[in-house]
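For reference, the structure discussed in these notes is given below.
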Amino acid sequence: MRRAAGRGLLALLLALLVLGAAAAAGAYLFLQDRFERAGPARQTVRVEVPAGASLRTVLAHLEAQGVLRDARAIEWYLRLRRTTVRVESGEYDIPAHASAQEILELFAEGKVVLEQLTIVEGATFADFFASLETHPKVAHTLQGLTAGQVMAALGHPGQPAEGEFFPDTYRFAAHTPDLAILQQAYAAMQRALASAWQARSPELPLHDPYQALVLASMIEKEAALKSERPLIAGVFLNRLKRGMRLQSDPTVIYGLGDAYEGMIHTRDLSTDTPYNTYTRDGLPPTPIALPGRESLLAAVQPQETTALYFVATGLNDGAHRFSATLKDHNAAVQSYLARLRAAAPPPGRHHP
């Protein structure tokens with residue numbers, strides 16, 4: 001009897017073990033199903049993962065956003081698997097019906113949504129900095145600083161800011177500091193300038209890369225057509241070789257600063273500033289804008305020309321008329337002015 005009772009107890013224990021194992025296996029499969037099953041979101045949902053957030057907090061937030069069905073089940077599954085999940089902070093676009101597995105893979109790979117900021121060629125440093133200050137996804141650490149203070153924060157105290165940042169479209173994760181974006185743009189310009197200077201023409205009458213940067217900024221502001229940039233560079237360099245003043249209107253405008261009224265007056269051309277190339281010899285002391293790659297290359301690889309002058313055609317095509325003599329240039333100026341007068345509305349009438 002005792003032996004029979006013992007065998008019965010052993011069988012019961014074995015049965016309980018089997019049932020327990022089956023229950024554990026069933027529970028595990030249930031959790032695995034929750035982990036791998038398509039999520040409830042019917043469309044892409046943008047979620048933000050704060051820096052330093054715990055996995056439990058992130059999962060609970062996803063459930064609240066309607067992206068996960070059962071955050072606690074996902075957490076238990078990861079614990080059973082002894083899986084360590086790396087979650088990079090930032091904003092993520094979670095695709096419709098993404099599973100917990102797919103979402104956590106996005107987090108681990110740091111596939112954050114990238115914001116963007118575009119700086120056009122010919123913009124000034126002030127334009128760039130203003131765009132950073134007003135961008136809603138940039139972490140603002142430099143607000144209220146002067147250009148000189150910004151350059152000091154970048155590690156370049158005493159260096160003028162103008163011209164030193166490459167105009168481009170910069171993509172970055174939300175809450176990237178403005179300083180980091182400026183560092184990226186600064187490094188990009190230094191690379192572009194060094195590359196252009198390395199490819200300079202043998203007889204280039206410029207002493208160093210900075211002079212090329214200054215000239216490139218003038219070309220950027222003068223040229224509406226990319227095809228004309230090397231020719232405009234040739235004109236400016238011809239004038240430098242002959243000791244002629246460059247007489248570039250964009251340098252005058254830059255020197256006027258806030259006093260510029262939207263058009264150049266005769267008095268502006270004779271108002272002396274460090275940037276007035278009608279009253280001063282040589283290149284201006286700093287760049288007047290942020291030049292792009294084509295203008296940098298034009299400055300160091302100018303087109304050979306006999307032209308010493310250029311003026312807009314007045315045809316609203318962005319083109320210029322280039323002249324080798326003052327007589328021809330004056331005729332081109334008169335033609336330009338005549339076109340402007342012809343295009344102006346009669347007195348007393350206004351454009352609709």
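Rule-based calculations on the coordinates, nothing more; no lab input. Only a predicted model underlies this, so the values are computations on that prediction, with no experimental measurement involved. When we count neighbours, we look across all protein chains shown, and the Cβ atoms used for this are built from the backbone with ideal geometry, even at glycine.
Between 0 and 90 degrees, the angle of helix 326-343 with respect to the longest Cα principal axis of the chain falls at about 60 degrees. Computed as a quarter of the hull surface, the mean projected area of the alpha carbon convex hull for region 94-158 stands at 6.9 nm².
With the convex hull of the Cα atoms taken as the outline of region 114-193, the averaged projected area works out to 4.7 nm². Rg then Dmax, both in Å and based on the Cα atoms of the chain: 33.4, 131.
Computed from label points 7 Å out along Cα-Cβ, the spacing between VAL85 and GLU36 is 1.7 nm. Computed from Cα positions, the angle between helix 178-198 and the longest principal axis of the chain comes to roughly 50 degrees. Taking Cα atoms only, the orientation of helix 2-36 departs from the longest principal axis of the chain by about 20 degrees. What's the long-distance tail for region 35-112, i.e. % of Cα pairs beyond 15 Å? Considering region 35-112, 48 percent of its Cα-Cα pairs are separated by more than 15 Å.
Could you list the square roots of 5 times each eigenvalue of the Cα gyration tensor of region 200-352, that is, the equivalent ellipsoid semi-axes, sorted largest first and rounded to whole Å? Display every interim value, and only then the final one.
Numbers: eigenvalues 146, 67, 45 Å².
For region 200-352, the ellipsoid semi-axes come out as 27, 18, 15 Å.
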